[in-house]
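None of the figures in this text is laboratory data; all of them are computed from the coordinates on show. Just so it is clear, the structure is predicted and the values come from calculations on it, not from any experiment. Here the Cβ is made from the backbone with ideal geometry for all residues, glycine too, and neighbour counts use every protein chain on show.
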């Protein structure tokens with residue numbers, strides 16, 4: 001498995017599936033993966049709170065923002081694979097929805113003006 005910074009969502013979904021079938025034995029259940037996703041988001045939140053918020057890193061903690069984001073993406077891809085969601089299609093539709101719904105909302109929000 002090679003490292004490709006230009007990887008598509010489709011390729012990422014295939015790569016995770018290959019890894020699971022080669023090394024992971026099988027996917028964890030959807031409920032277990034949902035719990036894992038929640039755990040990984042919490043770990044990401046901890047790093048964000050330490051790096052950008054008012055907290056500081058504890059002894060032994062690392063600023064591993066990239067790794068924590070990748071962990072979140074990994075589990076999300078697992079859930080997509082096991083529930084039959086094509087993330088490319090889902091993301092494209094979601095971007096279209098947000099564009100239609102919010103095309104002037106944020107531009108016209110006085111709270112976002114400098």
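Have a look at 61, 68, 43 and point out the one that is more than 22 Å from residue 8 (Cα to Cα) and part of a helix (DSSP H, G or I).
Matching residue, one of 61, 68, 43: 43.
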Subset of segment 46-58 (residues that are within 24 Å of residue 74 (Cα to Cα) and either more than 17 Å from the chain's Cα centre (by Cα) or assigned to a loop (DSSP other than H, G, I, E, B) (or both)): 49, 50, 51, 52
Residues being exposed (fewer than 13 other Cβ atoms within 10 Å of the Cβ), part of a loop (DSSP other than H, G, I, E, B) and without any contact (Cβ under 8 Å) to a residue 60 or more places away in the chain - total across segment 8-40: 3
Number of positions in segment 59-92 that are surrounded by 11 or more Cβ atoms within 10 Å (Cβ to Cβ) and free of Cβ contacts under 8 Å to residues at least 24 places away in the same chain: 10
